[in-house]
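Participant: Input: one structure, supplied below.
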Amino acid sequence: MLAGFEKRDELITMFVAVALDKGSIETPDELYLAVQLRQAFPEYDWRSALPQWHGKHMFAERNVGKLVSILCETSEENTGLFSSWHAQLHTVWDYVFDLYYNKERAAEVEAGRVMDFETLWERVVERGLFAAGASQFRRYWGFLLVERLLPHLSESTVAGMMSPNIVRALSDNIAVGQKSALVKVSMRTAERLVEVCEKNSKVGLAVLTHLLNQKSTIQASGPKQTNLRSMMASRIVAKLDGEAIVGYVSYLKEIFLQPGAAHGRDGVADPVAAINVSDRSVERQRAWAVDQMIRVARFDQLAASEEVTRGVVGFVTAYAAFQNGGQAAGKPELTPATRDYCATAVVGLVGELSRSSSQAAAADGTLWATAAIAAVLEGSGQPQKQQAAAKRRPQAAAAAAVVLPGFSETRAVLAEALGVLRMLEARGREYGASEGPVAAGNAQRVRALGLLVGNVAVLAGFSVNPQARSEFGEAIGELVECSEKMVAQFEAAKSKKKIKAAAEEPRPVEVLTDLVISFLTKDSHALRKLCEQVFAPFTELVTAAAVDAIVGVLQAREGAGGAEGGGIDAQMEALDAMDVDDDEGDDEGEDGGEEAGAGAEEVDEEVDEELRRKIQEALGSAGQGVDDTEEFDDEQMTVFDDKLAEIFQHKKQARTAARDLRISFGNFKLRVLDLAEVFLSRQSDSGLAIRVIRAVVDLARATRRDARSKAIHDRAVAVLVARRSRTPVGASVDVAEAAALLAFVHESARRAADKAEQRGLGAAAAVATRALLDAGAGDAVAAQCAATVRDFMTRQASQIHVDFFRVAGAKLHGAQWAVVWHAAAAAVREFGRPRAALNVFRQVQAYALAEVAAGSAAALAADADADVVAGAAGALVGGVRSAVLAVAEEVAAGSAAIDRSRLREIIELALAVFRRCVRCDGAMRAAALQALAPDAAWAAAMPALAACDGVRASTTVVRLCATLGSVDEWAAAIKPAKKREQQ
């Protein structure tokens with residue numbers, strides 16, 4: 001309209017001055033007006049009209065800061081500029097999407113050097129509208145923008161669009177059960193995303209594999225709720241078939257082989273190129289393709305998963321081991337960084353697949369580690385044949401040459417490992433085809449051995465770290481020998497032959513245990529977790545020497561082992577001396593007193609002398625002849641400052657090394673604790689379990705007062721608390737060892753730090769108690785229980801709690817509870833009376849202990865002999881009754897003062913004991929009713945108690961007293977549980 005107008009430029013200048021406040025653009029309205037004017041009149045001098053905007057286009061990367069402020073509608077300078085909120089996106093976003101996704105504007109984008117859409121999306125949406133702490137209104141806009149972008153979504157744009165903050169916000173709002181506007185728009189966005197994925201299988205797989213790697217897809221908040229990951233998986237997987245999955249993997253391989261193909265073929269505005277990692281570098285796009293392939297291979301819910309896994313393992317292995325994957329040429333050629341990335345990916349993929357019960361091997365029993373190693377060794381051929389082939393076809397020979405770092409050193413051990421792996425696979429198929437529990441157990445063990453050997457071999461062959469390759473390569477020889485001897489042991493047991501071995505030669509399971517423990521120190525997370533998985537089927541074969549290896553680590557003091565430097569204790573003393581700043585406060589807090597203060601002063605003096613000596617040595621001639629009162633000149637002061645900084649840097653590095661060593665050893669103990677838990681969970685009935693439990697209890701006690709070892713303490717307590725079976729402890733248990741453990745646990749429980757530790761110690765006591773009772777040593781259990789109860793009732797510092805005894809009886813069968821009943825009866829008879837215990841609270845705990853024992857009434861009545869049941873029931877009910885009678889008489893007479901709440905607790909606990917016993921049929925009910933028979937003292941004491949001054953004000957206690965007064969009547973009226981069930 002203004003094309004032929006003479007005053008066009010003047011008119012535009014005036015318009016800009018009025019409408020845009022002389023080029024000051026702060027709102028989306030102004031931005032939209034400016035871009036429309038620039039698009040309509042590109043020949044106008046916009047650089048002068050809009051001096052604050054740089055570049056040929058307003059969406060140039062140099063303007064991203066201003067664009068973020070405008071598009072997110074935030075302003076630090078003028079907070080009232082965006083005070084109102086609107087529910088719809090601003091019209092300027094129509095221009096943004098048209099700019100990037102209208103291919104007719106490709107020339108404009110290229111000429112104006114417009115920033116990548118990925119950059120704009122990350123700054124405005126990911127880090128702006130979905131930033132941590134962003135308001136619900138801005139996140140609402142963000143979801144609307146995601147909806148606008150979904151029609152342009154492709155498999156290559158998923159990583160850029162589904163950024164962490166967006167995924168987190170989408171998942172959070174889907175998981176909640178509210179119906180706010182934000183939740184509704186997020187649900188609508190997720191539903192449209194699913195629809196896009198269902199229409200395009202490649203996009204669906206890209207989204208699914210991307211979400212599998214996102215930790216922010218939280219769980220649903222309720223049983224009827226869902227989360228983003230499950231929603232996507234259930235809908236997308238149902239639409240995928242084997243052909244679609246194979247096609248997606250083929251697409252990823254194409255991206256890896258020809259990264260340039262991922263760029264837009266029709267111009268720079270192609271949607272594929274809009275948010276594509278290939279825009280950054282070829283290496284990053286290839287890494288993305290490898291990651292996507294691995295995620296598909298690891299997702300076992302997909303159809304044709306074995307076919308996909310086999311292809312991915314072969315592809316990534318080929319491009320890790322061979323130049324251009326064994327092909328004669330590559331476009332472009334792989335860089336060493338890409339090959340190293342592929343090698344690391346092989347290690348991770350094999351490790352993750354090995355830990356999966358459904359994906360550890362192919363259908364024919366071939367382990368994925370075997371496939372990877374065989375591909376390298378068999379693809380490389382024999383050295384003599386390689387030399388002959390190189391003369392005939394140099395280019396092809398170069399393509400088939402293995403380029404793995406250090407392959408010439410690891411080739412021999414890899415070949416050795418491959419032979420053992422195929423032997424173990426053959427044995428596994430043989431044992432799997434046989435029937436019987438022994439064959440099934442051996443099949444699990446050879447599979448576990450194969451997984452361990454295979455993973456260590458892959459680490460030796462594909463690690464990019466030379467030290468790791470060397471360490472794992474050395475371990476292969478021991479693993480191979482251990483595997484061969486283990487299989488020989490299985491074969492000998494099958495044929496009932498004895499294997500002659502040297503007297504001092506360790507058994508295969510002992511060697512395996514040592515190797516597993518050594519692998520727990522490695523950096524590979526997958527290998528460490530696999531070690532626990534491998535150790536589990538061998539727990540039945542574990543010997544005392546193997547258990548001692550685990551116990552030795554748990555009992556070792558923090559530090560590094562070794563004969564040099566005086567062993568663990570000596571090295572840690574040296575490290576603690578280096579770390580004076582960290583340890584002085586803790587030691588002083590424990591020891592206290594003048595001696596600690598004097599020792600600290602001596603340490604300070606020694607440190608000062610040492611520091612002075614090092615300074616003099618470092619300065620050399622610069623420090624000689626300088627009196628304490630003489631000042632340094634500038635040059636000497638500069639030298640002094642540099643040397644002093646060097647000395648303190650060295651001391652700081654020493655302290656850091658000490659701290660790192662302590663952390664590393666603590667992590668090592670945590671991993672060995674996991675190994676101990678595996679053994680205890682599967683062999684809690686073994687006599688060797690006593691030894692492991694003692695070590696775990698020792699560790700829990702040693703770390704309970706050290707804040708730096710809290711994680712170890714909590715883990716040790718968790719190992720003790722973990723649920724164990726109620727099977728009898730084996731006959732191989734050492735009674736003296738079990739008795740020592742029980743005494744040690746009871747002694748530790750008296751000084752426990754908290755209730756969690758109490759429960760852990762109670763679980764340890766349960767194993768020792770069951771072992772002693774199975775061995776007929778009930779007197780030792782009774783004596784220990786009596787000593788612990790007496791300690792709690794009479795000593796102020798005792799930390800015993802009733803929960804300790806509740807947990808300690810977890811492994812007992814019914815008849816064995818009689819020991820606990822008699823101990824509880826003695827406790828309540830002696831300490832349930834007034835003034836017998838340290839205070840009224842401890843007195844109440846005597847009744848609580850009786851109630852804990854009465855909780856096993858049904859089990860005791862069902863499993864024990866009638867005489868045992870009658871004796872236990874008579875003792876417990878009679879003891880509680882006599883103690884309650886003494887309390888009632890003294891409170892009524894005014895000679896004992898007990899708070900009404902405590903009195904109420906005593907009566908309620910006593911009534912609970914009575915009810916539990918009379919509900920059982922047979923000897924227990926008869927003995928309980930006999931002990932509750934009325935007498936004159938009981939009939940007089942209960943009304944007197946209810947009428948005394950301190951009690952009659954409480955209607956609840958008065959009612960309870962009335963119930964006690966007629967206990968014989970209502971107890972007789974209660975029908976036994978068995979009779980009620982029959983009726």
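The values are calculated or read from the model by the stated rules, or taken from the named source; none is laboratory data. As the structure is a prediction and not an experimental result, all values here were calculated from the model. Positions of Cβ are generated from backbone atoms using ideal geometry, with glycine treated the same way; all protein chains shown enter the neighbour counts. Heads up: the accessible areas ignore ligands, DNA and RNA and are worked out on the full protein's heavy atoms, side chains in. Shrake-Rupley method; radii C 1.70, N 1.55, O 1.52, S 1.80 Å.
Participant: Could you pull out every one of the helices (runs of 4 or more DSSP H) wholly within the range 468-569 that has 2 or more residues that are over 29 Å from residue 437 (Cβ atoms) and modelled with pLDDT of 90 or more?
Facilitator: In the range 468-569, 544-555 are the helices (runs of 4 or more DSSP H) which contain 2 or more residues that are over 29 Å from residue 437 (Cβ atoms) and modelled with pLDDT of 90 or more.
Participant: Also: Any idea how many residues of the range 665-679 are touching a residue at least 60 places away in the same chain (Cβ under 8 Å) and open to solvent by 50 Å² or more (accessible area, probe 1.4 Å)?
Facilitator: Within the range 665-679, residues that are touching a residue at least 60 places away in the same chain (Cβ under 8 Å) and open to solvent by 50 Å² or more (accessible area, probe 1.4 Å) number 1.
Participant: Can you tell me which residue among 325, 314 is farther than 21 Å from residue 473 by Cβ, at pLDDT 85 or above and out of contact with any strand residue (DSSP E or B) (no Cβ under 9 Å at 6 or more places or on another chain)?
Facilitator: Being farther than 21 Å from residue 473 by Cβ, at pLDDT 85 or above and out of contact with any strand residue (DSSP E or B) (no Cβ under 9 Å at 6 or more places or on another chain) holds for just one of 325, 314, which is 314.
Participant: Any residue at all in the range 789-802 that is at positive phi and open to solvent by 30 Å² or more (accessible area, probe 1.4 Å)?
Facilitator: No; the residues of the range 789-802 include none that is at positive phi and open to solvent by 30 Å² or more (accessible area, probe 1.4 Å).
Participant: Could you identify the single residue in 155, 110, 198 that is of a type in the set (Asp, Glu) and at pLDDT 85 or above?
Facilitator: 110
Participant: May I pose another question? Scan 892, 933 and give me the residue that is farther than 20 Å from residue 833 by Cβ and among the small types (Gly, Ala, Ser).
Facilitator: Only one candidate passes the filter, namely 933.
Participant: In the list 779, 791, 803, which residue meets the criterion of being modelled with pLDDT under 90 and outside any loop (DSSP other than H, G, I, E, B)?
Facilitator: Of the residues listed, the single one that is modelled with pLDDT under 90 and outside any loop (DSSP other than H, G, I, E, B) is 803.
Participant: Among the candidates 866, 870, which residue alone is open to solvent by 30 Å² or more (accessible area, probe 1.4 Å), closer than 16 Å to residue 820 by Cα and not polar (S, T, N, Q)?
Facilitator: Result: 870 is the single residue among 866, 870 that is open to solvent by 30 Å² or more (accessible area, probe 1.4 Å), closer than 16 Å to residue 820 by Cα and not polar (S, T, N, Q).
Participant: Is it the case, given these coordinates, that residue 970 is more than 53 Å from the chain's Cα centre (by Cα) and at pLDDT 90 or above?
Facilitator: Criteria not met by residue 970.
Participant: Quick one: residue 682 ticks every box in (1) open to solvent by 30 Å² or more (accessible area, probe 1.4 Å); (2) more than 21 Å from residue 544 (Cβ to Cβ) bar one, so which box is it?
Facilitator: It fails just one condition, (2).
Participant: Continuing with the same structure: So, in the range 42-63, exactly how many residues are crowded, with 16+ Cβ neighbours inside 10 Å and either farther than 21 Å from residue 104 by Cα or over 51 Å from the mean Cα position of the chain (by Cα) (or both)?
Facilitator: Here the count works out to 7.
Participant: If you go through the range 883-897 one residue at a time, do you hit one that is of a type outside the set (D, E, K, R), on the phi > 0 side of the Ramachandran plot and either touching a Lys or Arg at 6+ places or on another chain (Cβ under 8 Å) or free of Cβ contacts under 8 Å to residues at least 60 places away in the same chain (or both)?
Facilitator: yes
Participant: Please determine, by comparing only the residues of the range 300-311 that are open to solvent by less than 20 Å² (accessible area, probe 1.4 Å) and farther than 17 Å from residue 344 by Cα, which one is modelled with the lowest pLDDT.
Facilitator: 302
Participant: Here's another thing I want to ask about it. Which residue, of 716, 711, 786, 763, is over 25 Å from residue 556 (Cα atoms), part of a helix (DSSP H, G or I), of a type in the set (Gly, Ala, Ser) and out of contact with any Asp or Glu (no Cβ under 8 Å at 6 or more places or on another chain)?
Facilitator: Only one candidate passes the filter, namely 786.
Participant: Please indicate, with yes or no, whether at least one residue in the range 634-641 is open to solvent by less than 80 Å² (accessible area, probe 1.4 Å), over 45 Å from the mean Cα position of the chain (by Cα) and modelled with pLDDT under 65.
Facilitator: Within the range 634-641, not a single residue is open to solvent by less than 80 Å² (accessible area, probe 1.4 Å), over 45 Å from the mean Cα position of the chain (by Cα) and modelled with pLDDT under 65.
Participant: Also, quick follow-up: Being of a type in the set (Val, Ile, Thr), open to solvent by less than 10 Å² (accessible area, probe 1.4 Å) and either touching a Leu at 6+ places or on another chain (Cβ under 8 Å) or part of a loop (DSSP other than H, G, I, E, B) (or both) is the filter here; which residues of the range 192-212 pass it?
Facilitator: 203, 207
Participant: Let me ask you something else. Output the residues belonging to the range 893-913 that are open to solvent by 40 Å² or more (accessible area, probe 1.4 Å) and among the small types (Gly, Ala, Ser).
Facilitator: Correct list: 893, 894, 895, 897, 901.
Participant: I'd like to know if the range 729-746 contains one or more residues that are surrounded by fewer than 23 Cβ atoms within 10 Å (Cβ to Cβ), part of a loop (DSSP other than H, G, I, E, B) and at pLDDT 85 or above.
Facilitator: Within the range 729-746, not a single residue is surrounded by fewer than 23 Cβ atoms within 10 Å (Cβ to Cβ), part of a loop (DSSP other than H, G, I, E, B) and at pLDDT 85 or above.
Participant: When residue 248 is evaluated against the numbered criteria (1) modelled with pLDDT of 65 or more; (2) open to solvent by less than 20 Å² (accessible area, probe 1.4 Å); (3) more than 28 Å from residue 318 (Cβ to Cβ), which criterion, by number, is the only one it fails?
Facilitator: (3)
Participant: I've got another one for you. Of the residues 916, 952, 959, which single one is charged (D, E, K, R) and surrounded by 15 or more Cβ atoms within 10 Å (Cβ to Cβ)?
Facilitator: Sole residue among the options that is charged (D, E, K, R) and surrounded by 15 or more Cβ atoms within 10 Å (Cβ to Cβ): 916.
Participant: Here's another thing I want to ask about it. Can you pull out the residues in the range 680-706 that are assigned to a helix (DSSP H, G or I) and without any contact (Cβ under 8 Å) to a residue 40 or more places away in the chain?
Facilitator: 702, the sole residue that qualifies.
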